[in-house]
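Below is one structure, written out as structure tokens; the observations come after it.
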Amino acid sequence: MTVLSFSDLNERCCRENKSVYQIALEEEALLQETAGEVIRLKVLENLLAMKDSIKHGLKSTEKSISGWCGDDCEKLRNGYKKRGALFGSVFEKITTYALAVTEENLRMGRIVACPTAGSCGIVPAVIIAAAEENKIPETIQINGLLTAGLIGLIISNKVQLAGAVAGCQAECGVASAMAASALAEMLGGSVKQILNASALALKNILGLTCDPVCGLVEVPCIKRNAFLAIHAVTAVELALCGVESKIPIDEVVDTLKITGQLMSPLLKETSQGGLAKTKTALGLEKLLFKNVN
Amino acid sequence: MEQKSIFSVISPIMAGPSSSHTAGAVRLGLMARNIYRDNFSKVKFILYNSFATTGFGHGTDKGLLAGVLGYSVDDVSIKNIFDIVRDVKYSYEYRQDISRHPNSVDIILDDKMTISGDSVGAGEIRINNINGFSANIDGSYHTLLLMYKDKPGMISKVSDIIQKQKVNIASLHCDRSSKGGTASMYVALDIPIGDDIAEEVKKIKDVFFVTNIRKLKQ
Ligand code: SF4
């Protein structure tokens, strides 16, 4: 049976007494006509590429192609050294890593699109920071990434994960739901808790628009990755304490899709509205185009 | 509904910053390289619409060039491609044309071949025109492309040669300029065929161009 909805997934997990990552593994192995171990190795390859992107991002302060962005991660690192984050070291690492990866993306470094390049910092930051701080072994991290993969995949069965289609709810929003599911899995959450964590994350970013300044994946995208990585953790904390989303996740995804359809095209990656049309953005646009042409 | 892979949401591993404007650009370049399959000394890119307006901030220009030179989507030297490239002259032109896809490009190699394609999202691409003939190549199949003088019987001659190798034909697409004029044929294959088979196809009377295109790495 293919898993097309979250209710399918939940039913299958209950019936076969399996976790989300086990179903992800089985389905993927079936699809690729290969062994589960081969799939795990592929996931590991992506996980290691994520770790590399963090490592490189932490070292560099090189500016992005436009020249505006690229040194915020360093500001965080220095700031936290002087004054630790109020919410502790996991918070420090998650926000720093999210910026490290997205800044690495901007300078044309190597990243893993997850689900998209613009939202590439969220899943790695949450999985890797939490794993380091809680000493979670690599096999469990792979389980987390497998879980995130299946959650993202089921959402993408209903709505195309592109800012141009459904705004940023479908990019950074979905990344946040994926990260929440991964973390819930890694912390030993039940299937129900995993699905609730995803639903809570998704439900609370509905309506998020995509209005990149000058059409570049820089403003607001970079910093948004840090915010939505933390957003994922909030969802996991609530879900692990037994808080449930009153609206089931399938219905939340439907709502995301419909909200995307209701959203004006001006706010869906066209840079014709929102932050992209502010006085400052237009000024920057003039400057930037003058430098280039 | 077609079952998709979880890797559609946790990959590709790529050089940033945009799957459509960077990774897609590299793949369009790679596909053009696979189609041309010859050394070239000159390449010109005509970028359309969103590729033209926001391409520079996403390294679309660098990605396209790196692609035709054979770099893969996750190669971090794409960023420095202008400093690396030797012996190949390259140039860019920027246009707006609403009849074209938002992320569209013409790649002109050695003034001999014009390959047009679109970056359709999430790094996926589609080549839709080669030298004025419509095409539909997304890089997911090995493809035999030939151009010939339109006449009856060509499809069976070509498929006979391929069938002899016991290679399954996944799909077939033909186009022609006019009856009896120049025609093109795309044969998508489940497994790649050797260049010797392509040579054999080339020997068919009135066939004047054949290229054996390899699919792109996913
Ligand atoms: S604002 Fe738009 S371009 Fe930026 S990450 Fe969100 S969806 Fe992507």
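The values are calculated or read from the model by the stated rules, or taken from the named source; none is laboratory data. These figures come from a predicted structure and were not determined experimentally. When we count neighbours, we look across all protein chains shown, and the Cβ atoms used for this are built from the backbone with ideal geometry, even at glycine. Just so you know, the surface numbers come from the protein's heavy atoms only, side chains and all, with ligands and any DNA or RNA stripped out. Shrake-Rupley method; radii C 1.70, N 1.55, O 1.52, S 1.80 Å.
Remarks
- Just one of (1) among the charged types (D, E, K, R); (2) more than 13 Å from the ligand (Cβ to nearest atom); (3) in contact with a Leu (Cβ under 9 Å, 6 or more places away or on another chain) fails for A:GLU237. It is (3).
Here is a yes/no grid of residues against (1) open to solvent by 10 Å² or more (accessible area, probe 1.4 Å); (2) of a type outside the set (S, T, N, Q); (3) more than 14 Å from every other protein chain (Cβ to nearest Cβ); (4) part of a helix (DSSP H, G or I):
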| residue | (1), (2), (3), (4) |
| --- | --- |
| A:TYR80 | yes, yes, yes, yes |
| A:PHE91 | yes, yes, yes, yes |
| A:CYS120 | no, yes, no, no |
| A:GLU132 | yes, yes, yes, yes |
| A:SER156 | yes, no, no, yes |
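- When we screen A:ALA170, A:ALA175, A:ALA180, A:ALA201 for residues that are more than 8 Å from the ligand (Cβ to nearest atom), out of contact with any Cys (no Cβ under 8 Å at 6 or more places or on another chain), open to solvent by less than 20 Å² (accessible area, probe 1.4 Å) and in contact (Cβ under 8 Å) with a residue 40 or more places away in the chain, the only hit is A:ALA180.
Here is a yes/no grid of residues against (1) in a loop (DSSP other than H, G, I, E, B); (2) closer than 23 Å to A:GLU285 by Cβ; (3) within 13 Å of chain A (Cβ to nearest Cβ):
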{"position": "B:ALA52", "(1), (2), (3)": "no, yes, yes"}
{"position": "B:ALA66", "(1), (2), (3)": "no, no, yes"}
{"position": "B:ILE78", "(1), (2), (3)": "no, no, yes"}
{"position": "B:TYR92", "(1), (2), (3)": "no, yes, yes"}
{"position": "B:SER99", "(1), (2), (3)": "yes, no, no"}
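- Some residue of segment A:242-260 being modelled with pLDDT of 95 or more, assigned to a helix (DSSP H, G or I) and closer than 24 Å to A:ALA100 by Cβ: no
- Residues of segment A:158-192 satisfying the condition of being touching a Pro at 6+ places or on another chain (Cβ under 9 Å), within 12 Å of another protein chain (Cβ to nearest Cβ) and at pLDDT 95 or above: A:ALA170, A:GLU171, A:VAL174, A:ALA175, A:MET178, A:ALA179
- Leading residue by the ranking (nearest to the ligand (Cβ to nearest atom)) among those in segment A:240-252 that are closer than 17 Å to A:ILE155 by Cβ and not acidic (Asp, Glu): A:VAL252
- A single member of A:LYS18, A:LYS63 is open to solvent by 50 Å² or more (accessible area, probe 1.4 Å), within 20 Å of A:LEU153 (Cβ to Cβ), touching a Lys or Arg at 6+ places or on another chain (Cβ under 8 Å) and not in a helix (DSSP H, G or I), and it is A:LYS18.
- Considering B:ILE193, B:ILE204, the condition of being in contact with a helix residue (DSSP H, G or I) (Cβ under 6 Å, 6 or more places away or on another chain), open to solvent by less than 30 Å² (accessible area, probe 1.4 Å) and assigned to a loop (DSSP other than H, G, I, E, B) is satisfied by B:ILE204 alone.
- Top-ranked residue of segment A:93-118 - restricted to ones that are over 15 Å from A:ALA179 (Cα atoms) and among the charged types (D, E, K, R), ranked as farthest from the other protein chains (Cβ to nearest Cβ): A:GLU103
- Check on A:ALA100, at pLDDT 95 or above and buried (at least 24 other Cβ atoms within 10 Å of the Cβ): yes
- A:GLN272 meets the conditions (1) within 16 Å of the ligand (Cβ to nearest atom); (2) touching a residue at least 40 places away in the same chain (Cβ under 8 Å); (3) within 14 Å of chain B (Cβ to nearest Cβ) in every case but one. The failed one is (2).
- No other residue among A:LEU195, A:LEU262, A:LEU228, A:LEU256 is more than 14 Å from chain B (Cβ to nearest Cβ), buried (at least 24 other Cβ atoms within 10 Å of the Cβ) and more than 16 Å from the ligand (Cβ to nearest atom) apart from A:LEU195.
- Tally of residues being more than 16 Å from the ligand (Cβ to nearest atom) and at the interface with another protein chain (Cβ under 10 Å from one of its Cβ atoms) across segment A:134-154: 9
- Within segment A:208-225, restricting attention to residues that are within 7 Å of the ligand (Cβ to nearest atom) and more than 16 Å from A:MET108 (Cα to Cα), the residue that is nearest to the other protein chains (Cβ to nearest Cβ) is A:PRO212.
- Single unsatisfied condition, A:ASP211 versus (1) open to solvent by less than 50 Å² (accessible area, probe 1.4 Å); (2) free of Cβ contacts under 8 Å to residues at least 12 places away in the same chain: (2)
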